[in-house]
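The next block holds one structure in the form of structure tokens; read it before the comments.
FYI, it's all coordinate maths here, none of it is from the lab. Here the structure is a predicted model, which means the values were calculated and not measured. As a convention, Cβ positions derive from the backbone with ideal geometry for all residues, glycine included, and neighbour counts pool all protein chains shown.
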Amino acid sequence: MNRRRRRPNLLLATPLLALAAGCSSTKPYEDRIRELTWKLDAAELAAEQATVDARLSERERGLALQKAKALQEQLSLSYDALRDARAQLDSTLHDRLTELSNGGNTGGGQLEISQYGGIVLDGGVFFASGSHTLTKAGEAALAGMIAILRRPDYAEYEIELAGHSDADKVTRTAGKYRDNFDLAALRANSVRRHLIEQGVDEARLYLSSWGPNHPISGADKAKNRRVEILLHKRDGETTVPASSPRGPSDE
């Protein structure tokens, strides 16, 4: 702390002040001087404490800045590691989907992988018009994929079956399906049931219905009527790069 400067004892001046004022008693002046002296001492102590607090605050601020910098560096390293892991995971998943899409095309080539990361089961091939029942051609196309999905190296993946439709309102089949979401969900569930019947673990399968909300084609609405097979790591959802687009309908 800074040493407070020495002040003259104001009480020594009291008698002179009293005489100069012509007073017979010095007590009021002594009391006043004591009060002022006490206030001055208190003010000096407060100023010294404020100086100490400021120095401590500056030191704490410096330590906080150092800690923040260290945490920022750790966060940056974590982001780098996450990005590398994600890139590796996406690459692996894309390889899996490519293998599945090849296995699901009995006529050669490969089934399309949509921009949503799913293998496209074309509604015109896998389902009869206005129906959610799998066709024989659809079952045949699924056979190759089912054999792959049952392999031990695919056990770590959950399988999402996503139903999609075009944007046209259900009319001709309105008595059978309430709306496009209903039709899309039932088509996805038909694929799910077939996979279970063919030995795919039911616990790995789940459904979603997007109706017309995820089209893959603006020009050809028939392409939007489909079911997509998506793979998800059991420890988190993954995605793959988009391929060519497609689109939804109820028939």
Euclidean distance of C-alpha centroids, region 118-145 and region 155-181, integer Å
13
Reachable lysines from Lys221, criterion Cα separation under 29 angstrom, eight or more residues apart if same chain
Lys136, Lys169, Lys176
Rounded to one decimal in nm, the spacing of the 7 Å Cα→Cβ label points at Ser217 and Val52 is 8.1
